[in-house]
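Some notes on the structure that comes next.
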Amino acid sequence: METRYVGAPVTRNEDARLLTGRALFIDDVKLGNLLHAAVLRSPLAHARIRAIDTSAARARAGVVGIFTAADLGAMCKPGPVVVRPPPLDGVTFNARTQMPLVKDTVRHVGEPIALVVATSRYVAEDALDDIEVDYEALPVAADLEASARADAPRVHDDLADNVAAHVRQTIGDYAAAARNAARIIKRRFSYDHGCSSPIETRGVVAAWDAKADRLTVWDTTQAPVFLRNGLAGVFGFSERQVRVVAPFIGGGFGPKIMMFYPEEILIPWAAIKLGRPVKWIEDRAEHFVATTHERGQIHDAEVALAADGRILGVKDVFLHDTGAYDPYGLTVPINSQCTLLGPYVVPTYDSTFTAVFTHKPIVTPYRGAGRQHGVFVIERLLDIGARELGLDRAEIRRRNFIPPDAFPYDNKIIYQDFAPLRYDSGNYAPLLDKLLDAIGYEKFVRTEQPALRAQGRHVGIGVVCYVEGTGIGPYEGAKVQVQTSGRVSLATGVGTQGQGHYTSFAQLVADRLGVAVGDVDVVTGDTDQFYWGAGTFASRGAVVAGNAVDQAAGLVRAKILRVAAEHFECAEVDLVLGDGAVAIAGVPERTITLAALAGIANPMRGAVALGTEPGLEATSYFGPPSGATANGAHAMIVEVDPETMMIKILKYVVAHDCGTVINPLIVAGQIQGGVAQGIGNAFYEQLVFDDQAQLLNGTLADYLLPTALEVPRLEQVDTVTPSPLNPLGIKGVGEAGAIPVGALFAQALEDALELPRRGIELNEIPLSPNRLWELARGEG
Amino acid sequence: MTAPKARSVTTTVNGVRATRTVETRLLLCDFLRHELDLTGTRVGCEHGACGACTVLLDGLPVRSCLTLAVQADGHAITTVEGLAASDGTLHPLQAAFRETHALQCGYCTAGILMTLVAFLAEHPTPNEAEVRAALSGNLCRCTGYQHMVDAVLLAAPRLAGK
């Protein structure tokens, strides 16, 4: 097959709409008779609600309804566990999930207490101020380590302590391996809270059509199909009675997949109850406490090394802050546990984590989804090991790489999808070589750095490696149809939050059917257009949905050839597809357009052969046996001002391997954006809570997202090791940019300030100029 | 509980005159989006930090979430809907954004386009450092900004040559 578009830097189909302001985002949904909602949220992290007085609010002009937990009746029950715990022996998992509205006990700042529906958002917010809530403040479990202790204030009274989960996974006998070690490096590593901060916050609009008996919900969800199924269950509807539309979404990054957020129940419920459509748009202040967070973990980890730097084993015991509830199960800590193994041969491993309830907002996956923490721990251990053994930091990594002939490589533990953590493919050393070459590693370390240091400049380099588990199942599907206009429609169940699905999926179809990319109209995230699917998460869209699209387009191609062969009374092998038409090879006057063929394939009168399916249409599903393992390495040269600890990134190179690339422009964008988030996570962004679990920096003026001045120009180099687990050979790339940046910053900043010479290590993320200044003065 | 005050506001938005009676507390972004149905202007933070809602007021960029609709009375506003030609031809900066893949989710894009259109009007031949400084008042969470910088450097000579 000719691949004219796959692999080419095709500009995006969706851009014209987005650039001219015509794309429909959630707050653009406009319906007749629309009401507007606002949510009253708890100002305290732990409190009992003694009484709620809504009388003044009810009296306010323009208020249509005010609802508390008591009004919800049977609807006021805990939400589902989205991801069940892994099927491992000895796993403890205490499922405690959030309520649509708090009944009696508040467990984090921002938890919803009442819903106000009014004729405008302005009036609804006025009415929030009219509501009087009598709180009895209770002791707070804020600090992760303190919350894990037996005497900590309990987040859930019915549990004996704050343990949400306890999981141990092992490979071989670490203790025995450690006895043979030349060195054991043991350290404590911590990684604190951050949040994904998409520029568009969350939102829900719901409309109940009583005559049609149908509920339509627009939602900024990354998983429209499961939201539809869930809403049907909650309200006792058939799934056919519920349509969920995920319109254009202004960034997702993971937290927009959590379900159910309280508002996802409340807004449809209010629309049905009031018989009028209702809109709720989260504001930025709400977003900081009402949308899920990530990142709080503390690791006590050790690596056993042979004298030549080879890893004999790793032991890790860590705490994971899950916040007040754990609806997303253990995806994040299991990712940390698995991703720690990296691209390295780790013969023995003993990893135990305890997920801990705290009085903080819920933790669910955010780009990287726990992988950062694992990468940080192993990369830091290798850095310290290299230093103690007198090895070069690139060399210790190279010595431990899984060799290219060892794939598929079974790590003998299970991954977040509960499949064995088996790397499908990889070739790590050539990628590291490309990276070192591109950053000029040897030259920098041998000549440039000493020369700059002699001038009094504080410059350092970092080199880190990682793997990224991507493209997990279960499955996605796609329906491809040639319209009688000649345009091609493609529908799939995944939603899109900027990943370019309208283009990369269209490229696959265009190559199969011989049409232009711009002639393929992609519909994503509308459950009326495509019924089945899981969602956009875990860097799986291109891998799982992409292969379904390619298969469906292949089936349509076969049908086109069959119908055209009948039409021309020729053999299919004599036909060629191109320019939106089918022709007999070498006989250009015998050509029929796909538009005309689509008409022929759907006759209005007459008889068809038994078994004929109408139209040039096919649906296909793809589910890989397990995830595809992408890998990469980042390197950075950074300069630090020792007075202010402000940094300047002088050079940043990303080397990555995501298998077959559909669109290099889109892949470059994914990596650049991932690195930008990684830089924020490493050096600028930290959600700061006080001992009452009050968020102290919940504005974008205080929680600092990187700007164009903090994110440098990146260089990218790549290798292509196709995945054998899907026909296209694709591996995901969505999280590759973000994962290793914390580890990279720690190594490069240590180097720039020559901290190890003074016995100082950077074993925590996020850093900041302030924190770096403290640490560099030995005030750890 | 006093009723909010209302006032008549007359603005010229993208060359079209519009008069509405609005509450004095109504934000300009809400006026544009919900009164005039010009939803291309996006709201990201409502406290002036992200820049997504940037529009031009008499040719200069303002945060429409920090501006009241009544402050726009008697002034000319340009929104993202006013950038492309009436036949749909993209503004050179819009076209460059498409060519360089300078947008992903597209939510911050309108505010960034408006900021940069004003910037390029004053700095027709910028270098990369100047572009980055101009961009630094707008937040984008998807792109890492690099392709946006490329887009501006691509569009600047095309605009200057017009």
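The values are calculated or read from the model by the stated rules, or taken from the named source; none is laboratory data. Everything numeric here is computed off the predicted structure, so don't read it as measured data. All Cβ positions, even for glycine, are placed from backbone atoms using ideal geometry, and neighbour counts span all protein chains on display.
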Of residues in the stretch A:472-505 being polar (S, T, N, Q), modelled with pLDDT of 95 or more and assigned to a loop (DSSP other than H, G, I, E, B), the one nearest to residue A:369 (Cα to Cα): A:483
In the stretch A:234-289, the residues that are of a type in the set (Asp, Glu) and either closer than 18 Å to residue A:80 by Cα or crowded, with 24+ Cβ neighbours inside 10 Å (or both): A:239, A:263, A:264
Odd one out for residue B:53 among (1) in contact (Cβ under 8 Å) with a residue 40 or more places away in the chain; (2) within 9 Å of chain A (Cβ to nearest Cβ); (3) of a type outside the set (D, E, K, R); (4) surrounded by 21 or more Cβ atoms within 10 Å (Cβ to Cβ): (2)
Selected residue [more than 15 Å from residue A:480 (Cα to Cα) and crowded, with 23+ Cβ neighbours inside 10 Å] from A:578, A:535, A:546: A:535
Check on residue A:702, closer than 30 Å to residue A:136 by Cα and charged (D, E, K, R): yes
Looking only at the stretch A:737-762, and only at residues there that are in a loop (DSSP other than H, G, I, E, B) and touching a helix residue (DSSP H, G or I) at 6+ places or on another chain (Cβ under 6 Å), the one that is farthest from the other protein chains (Cβ to nearest Cβ): A:753
Residue match in the stretch B:80-90 (condition: buried (at least 19 other Cβ atoms within 10 Å of the Cβ), more than 11 Å from chain A (Cβ to nearest Cβ), of a type outside the set (Asp, Glu) and in a loop (DSSP other than H, G, I, E, B)): no
All positions within the stretch A:179-210 that are surrounded by 16 or more Cβ atoms within 10 Å (Cβ to Cβ) and either among the aromatic types (Phe, Trp, Tyr) or free of Cβ contacts under 8 Å to residues at least 12 places away in the same chain (or both): A:189, A:191, A:208
The listed residue being buried (at least 18 other Cβ atoms within 10 Å of the Cβ) and of a type in the set (Lys, Arg), out of A:412, A:360: A:360
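Rundown of residues vs (1) at positive phi; (2) surrounded by fewer than 20 Cβ atoms within 10 Å (Cβ to Cβ); (3) within 14 Å of chain B (Cβ to nearest Cβ); (4) in contact with a helix residue (DSSP H, G or I) (Cβ under 7 Å, 6 or more places away or on another chain), yes/no style:
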| site | (1), (2), (3), (4) |
| --- | --- |
| A:40 | no, no, no, yes |
| A:45 | no, no, no, no |
| A:50 | no, yes, no, no |
| A:74 | no, yes, no, no |
| A:82 | no, yes, no, no |
| A:86 | no, no, no, yes |
| A:97 | no, yes, no, no |
| A:103 | no, yes, no, yes |
The lone exception for residue A:520 - which of (1) farther than 25 Å from residue A:252 by Cβ; (2) touching a Leu at 6+ places or on another chain (Cβ under 8 Å) it fails: (1)
Criterion (more than 25 Å from residue A:430 (Cβ to Cβ) and either surrounded by fewer than 24 Cβ atoms within 10 Å (Cβ to Cβ) or in contact (Cβ under 8 Å) with a residue 12 or more places away in the chain (or both)) met by exactly one of A:388, A:395: A:388
The stretch A:70-110 - residue that is among the aliphatic types (A, V, I, L, M) and not in a loop (DSSP other than H, G, I, E, B) and, of those, nearest to residue A:232 (Cα to Cα): A:75
Of all residues in the stretch B:141-158 being small (Gly, Ala, Ser) and in a helix (DSSP H, G or I), the one that is farthest from the other protein chains (Cβ to nearest Cβ): B:156
Single match in B:72, B:84 (criterion: more than 21 Å from residue A:27 (Cβ to Cβ) and touching a helix residue (DSSP H, G or I) at 6+ places or on another chain (Cβ under 7 Å)): B:84
Verdict on residue B:106 being part of a loop (DSSP other than H, G, I, E, B), of a type outside the set (Asp, Glu), free of Cβ contacts under 8 Å to residues at least 40 places away in the same chain and within 8 Å of chain A (Cβ to nearest Cβ): yes
Out of A:556, A:576, sole residue that is out of contact with any helix residue (DSSP H, G or I) (no Cβ under 7 Å at 6 or more places or on another chain) and modelled with pLDDT of 90 or more: A:576
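Here's the yes/no breakdown for (1) part of a strand (DSSP E or B); (2) touching a residue at least 24 places away in the same chain (Cβ under 8 Å); (3) not aliphatic (A, V, I, L, M):
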{"residue": "B:17", "(1), (2), (3)": "yes, no, yes"}
{"residue": "B:21", "(1), (2), (3)": "yes, no, yes"}
{"residue": "B:30", "(1), (2), (3)": "no, yes, yes"}
{"residue": "B:39", "(1), (2), (3)": "no, no, yes"}
{"residue": "B:77", "(1), (2), (3)": "yes, yes, no"}
Qualifying position, being under 30 Å from residue A:46 (Cα atoms) and not in a strand (DSSP E or B), among A:326, A:308, A:300, A:321: A:326
Every residue from the stretch A:732-780 that is touching a Pro at 6+ places or on another chain (Cβ under 8 Å) and surrounded by 24 or more Cβ atoms within 10 Å (Cβ to Cβ): A:742, A:750
Hits in the stretch B:57-74 - residues which are within 14 Å of another protein chain (Cβ to nearest Cβ), buried (at least 21 other Cβ atoms within 10 Å of the Cβ) and assigned to a strand (DSSP E or B): B:63
Pairs, first within 14 Å of chain B (Cβ to nearest Cβ) in the stretch A:249-270, second of a type outside the set (Ser, Thr, Tyr) and part of a helix (DSSP H, G or I), C-beta under 8 Å, six or more apart: A:249/A:26; A:249/A:256; A:253/A:677
Residues satisfying the stated conditions in the stretch A:1-38, i.e. within 12 Å of chain B (Cβ to nearest Cβ), in a loop (DSSP other than H, G, I, E, B), crowded, with 16+ Cβ neighbours inside 10 Å and more than 25 Å from the chain's Cα centre (by Cα): A:20, A:21, A:29, A:34
In the stretch A:695-716, residue farthest from residue A:651 (Cα to Cα) [restricted to those that are surrounded by fewer than 18 Cβ atoms within 10 Å (Cβ to Cβ) and more than 8 Å from chain B (Cβ to nearest Cβ)]: A:696
Any hit, the stretch A:45-59, residues being among the aliphatic types (A, V, I, L, M) and either closer than 30 Å to residue B:110 by Cα or in the same structural domain as residue A:333 (by TED's automatic domain parsing) (or both): no
Qualifying position, being in the same structural domain as residue A:371 (by TED's automatic domain parsing), hydrophobic (A, V, I, L, M, F, W, C) and buried (at least 20 other Cβ atoms within 10 Å of the Cβ), among A:649, A:679: A:679
